[in-house]
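The values are calculated or read from the model by the stated rules, or taken from the named source; none is laboratory data. These numbers come from a predicted model, not from an experiment. Here the Cβ positions follow ideal geometry from the backbone for every residue, glycine too, while neighbour counts run over all protein chains shown. Calculation scope for accessible area: heavy atoms of the full protein, side chains included, ligands and nucleic acids excluded. Shrake-Rupley method; radii C 1.70, N 1.55, O 1.52, S 1.80 Å.
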Amino acid sequence: MTSTDYRTIRNSIRDYYKRKAIRASAFIAFLIVMSIFFPLMSLVFPSSFKSGMNPDRYAGKNIRYVSADLHNLYFTGYTRRLAGRISGYYYYMTSGDQCVIVLLTPQSSDMGLPSIGHVRGNFAIRSDKNSRRILLGNISKDLNWNKAGADKAFSKYSLSEPDGSGIFLAFVRILVILSFTIAILTIILSLVHMYFPATSHAVRRLSAYGNPGKQLLEAEKELATLPQLATEDMFITEHWFIETSHYGVALVPIDKIIWIYKYSTLHKLLWHHFSISYTLYITAASHIYIRCPKNIKSDIDGIIDYLSEANHNILVGFTETNREKVEAIQGDFLFLRKLWKFLSAKV
């Protein structure tokens, strides 16, 4: 048994959301650090590139991806192959006082049109010295240029549509945006719940049983006195089951509990077994589900025994019979059953 100097439920809610806010902040900091070494910001927010600009201006700025609007491109007659298939067509265009090599996808170039008036899309700025040397060597022969003149006439950087677009990059872009957005929302919501604990999910879902704020006060008043049963992070008062663990906060009226059971988990590494932990599952009226993980067997057994004595209507243990009873009590799949009955009658 623990001492009677319990933290309030509000403090436990604040601690839980403080940890969530810290983790989300650490993730955002990780993304910022990663953007220093990898062009994540350039991928998510590509810079604008238009005909007349020189890709050399982006060198050293950690800008790899651009949204380009290009005009007057001419086919060089050369292609890039990957695994025996053509993955791109090399074009060139005048941009400022230099020519720029542009690699277009087969779709954008329509399988190598002699000239293209306008193309718009996402491109990657590349500096492939070996490919550039070979390509300029071939172009020099075709145009009767010397290599030094061609090297001076063409930018050291090229634009590649195949390397700046595609499903994989789109997936990474969406993943980064989604992750960043979720992290920001997590921080905002966590701060709200820290300052206003009654808005947290653990409290709000009690609205199925009445005023959540009043029920929180009632549970705190009972917890402030000596609970009738207490473990490290689970408490039973006269009318409430309360959990204030590292994994979250949960509270539910004992008279609303329908079903309780435990589930064991074996923790092992390769062939070595370390320990067994037990998780308490509670199903309450109005589809409220509580999961209390990583507890010891004696604590959970004591909680189950006490709750089953406090409310004789509680179903104890995971069995198919109990599952079906709970399904009937909760009205699970009731709509689907009615729909099936209606369709069967019509057919």
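Can you find even one residue in region 44-55 that is more than 20 Å from Leu104 (Cβ to Cβ) and open to solvent by less than 30 Å² (accessible area, probe 1.4 Å)? Checking region 44-55: at least one residue is more than 20 Å from Leu104 (Cβ to Cβ) and open to solvent by less than 30 Å² (accessible area, probe 1.4 Å).
Would you be able to say whether some residue in region 214-231 is assigned to a helix (DSSP H, G or I), under 30 Å from Ser298 (Cα atoms), open to solvent by 30 Å² or more (accessible area, probe 1.4 Å) and of a type in the set (A, V, I, L, M)? Within region 214-231, one or more residues are assigned to a helix (DSSP H, G or I), under 30 Å from Ser298 (Cα atoms), open to solvent by 30 Å² or more (accessible area, probe 1.4 Å) and of a type in the set (A, V, I, L, M). Inclusion of Ala198 among residues that are closer than 20 Å to Ile303 by Cβ, of a type in the set (Gly, Ala, Ser) and in a helix (DSSP H, G or I) is not warranted. Checked against (1) in contact (Cβ under 8 Å) with a residue 24 or more places away in the chain; (2) within 14 Å of Leu103 (Cβ to Cβ), Arg81 meets all criteria but (1). Pairing residues of region 239-252 that are of a type in the set (Val, Ile, Thr) with residues that are open to solvent by 10 Å² or more (accessible area, probe 1.4 Å) and part of a loop (DSSP other than H, G, I, E, B), at Cβ distances under 7 Å and at least 6 apart in sequence or on separate chains, gives Thr244/Arg7; Thr244/Asp233.
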